[in-house]
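Step one of this worksheet: look at the structure below.
The values are calculated or read from the model by the stated rules, or taken from the named source; none is laboratory data. Here the structure is a predicted model, which means the values were calculated and not measured. Here the Cβ is made from the backbone with ideal geometry for all residues, glycine too, and neighbour counts use every protein chain on show.
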Amino acid sequence: MTAPIDPARLPAAVLWDMDGTIVDTEPYWMRAETELIESFGGSWSADDGLQLVGSGLLDAAAIIREAGVDLPLPEIVDRLTDRVMALIAQEVPWRPGARELLGELRAAGVRTALVTMSLRRMALTVADALGSDAFDLVVAGDDVTRPKPHPEPYLTAAERLGVSIRDCIAIEDSEFGLVSAVASGAATIGVPCHVTLHAAPTHELWPSLAGRTLDDLAAALERHHHRATGAPA
């Protein structure tokens, strides 16, 4: 039996990105974008879709409008969200290891937040699929003024949880998300999904969450604190 972790080593909270980190919805978003743009006579490639991964929905909608979708930005966001939610209703595409690690955190009493640029109604759908007690807090795209890559989403989560952001861990899969999390001061772990992260700012880069445990997170937070203070590892 694994010995319990010293509570002093535990993160104050773990802040989770959603799309590409907990659920692999990026193909759903790309499908929704392609269908919408093509319905207006435009074209959209996989590379085009990858450029939007992790960005705020209104920012993405502005690019989609430039691609030929003659609609107000909020309507573009709503149409994309409706389509992705319909696909999620058919199948929730869980990422490897995410649910297991989240369950271990909850069992240990570690606070958790979902920090996503998706609309709140979609974020709550995914949160509900994980269970009513999966997250202490949800910060969605329509809850903040400045979306990722600005640090506001992660700073908002820590503030609402009443914890220091420097004692939190953020888990992200995109460059926009990593820029946001690192700038906030959280110990940031990049877990790539559809985009490579070798040039993105991050404190640690893990190939997958599969097999990762609470002890791995505690060790990552310790390394972050050592780097921040200049103490020897």
Which of the residues spanning region 35-87 are closer than 25 Å to GLY190 by Cα, touching a residue at least 24 places away in the same chain (Cβ under 8 Å), surrounded by fewer than 18 Cβ atoms within 10 Å (Cβ to Cβ) and of a type in the set (A, V, I, L, M, F, W, C)? LEU50, LEU58
Count, please, the residues in region 52-84 that happen to be more than 20 Å from ASP173 (Cα to Cα) and aliphatic (A, V, I, L, M). 11
Could you tell me which of the residues LEU52, LEU36, LEU58 is outside any helix (DSSP H, G or I) and not β-branched (Val, Ile, Thr)? LEU52
Could you tell me whether SER180 is in the same structural domain as PRO201 (by TED's automatic domain parsing), modelled with pLDDT under 95 and within 11 Å of the chain's Cα centre (by Cα)? no
If I ask for residues that are in a loop (DSSP other than H, G, I, E, B), modelled with pLDDT under 95 and not charged (D, E, K, R), which ones from region 81-97 would you list? VAL92, PRO93
